[in-house]
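Working notes, structure below.
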Amino acid sequence: MDIVRRFADITYVDAEEGLRRADVIVCAMSLNNSSRRFFRHERFGDVRPGCVFVNVARGEISPSTDLLRLMRESRLAGIGLDVFDHESDLAVSLRSGRQSADPEVAAWLELRSFPNVILTPHNAFNTIEAVGRKAAQAVAEVTRFMRDGDFTWPVPEE
């Protein structure tokens, strides 16, 4: 499913049909008022048995309490996440080893115990290759600015 249907050779479906047909659901959507809590418990009512959910977008799109409930009910076969809602409270709880009174944080902490749940930091941009490219681009931009007085990708003025 995609809001913008820009490719002629792609068959687009609505969210409900896509969720019914999917073996793997990957969330890479922007966070806005309509996407907040989009992947809540009710949204997974008709998913296929064995479906896996992956969120690499924003934690606010898939509430942890709902994901935990789906795992307890065996409605999902697995979850992969590198984004988390209530992240600062979660970080404090992880560092201190203490439980949290926040139900969303408590759900994240419990989800860690499932063997079919993978929780990783959101840092794909931090690979050796990505850091090398960022460093090379930074050097090229400074060199260009010193030589030409402008940037390849200037910040738009409002």
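The values are calculated or read from the model by the stated rules, or taken from the named source; none is laboratory data. Just so you know, these numbers come straight off a predicted model, no measurement behind them. All Cβ positions, even for glycine, are placed from backbone atoms using ideal geometry, and neighbour counts span all protein chains on display.
Miscellaneous remarks
- If you go through the range 80-90 and keep only what is over 19 Å from S35 (Cα atoms) and crowded, with 19+ Cβ neighbours inside 10 Å, you end up with just L90.
- Scanning the range 60-71 for residues that are part of a helix (DSSP H, G or I) and either farther than 15 Å from E104 by Cα or hydroxyl-bearing (S, T, Y) (or both) gives S64, T65.
- Condition broken by L19, with the remaining ones in (1) buried (at least 18 other Cβ atoms within 10 Å of the Cβ); (2) within 22 Å of D89 (Cα to Cα) satisfied: (2)
- Residue that is surrounded by the fewest Cβ atoms within 10 Å (Cβ to Cβ), among those in the range 103-156 that are over 20 Å from the mean Cα position of the chain (by Cα), among the aromatic types (F, W, Y) and not in a helix (DSSP H, G or I): W153
- Residues that are under 23 Å from A77 (Cβ atoms) and either among the acidic types (D, E) or more than 22 Å from the chain's Cα centre (by Cα) (or both), drawn from the range 5-23: E16, E17, D23
- Of all the numbered requirements in (1) among the charged types (D, E, K, R); (2) within 16 Å of N116 (Cβ to Cβ); (3) touching a residue at least 12 places away in the same chain (Cβ under 8 Å), R72 misses one, and that requirement is (3).
- For the range 3-26, a tally of residues being touching a Phe, Trp or Tyr at 6+ places or on another chain (Cβ under 6 Å) and either outside any loop (DSSP other than H, G, I, E, B) or within 27 Å of N123 (Cα to Cα) (or both) returns 1.
- As a summary of the residue check, F44 satisfies the conditions (1) in contact with a helix residue (DSSP H, G or I) (Cβ under 7 Å, 6 or more places away or on another chain); (2) at pLDDT below 90 except for the one numbered (2).
- Of the residues making up the range 2-14, not a single one is among the small types (G, A, S) and closer than 23 Å to R69 by Cβ.
- Residues in the range 42-59 that are assigned to a helix (DSSP H, G or I) and surrounded by fewer than 17 Cβ atoms within 10 Å (Cβ to Cβ): E42 only.
- Search result, residues across the range 76-102 that are part of a helix (DSSP H, G or I) and over 16 Å from N55 (Cα atoms): S88, D89, L90, A91, V92, S93, L94, R95, S96
- From S100, S64, S93, residue being modelled with pLDDT of 85 or more, over 21 Å from the mean Cα position of the chain (by Cα) and surrounded by 16 or more Cβ atoms within 10 Å (Cβ to Cβ): S100
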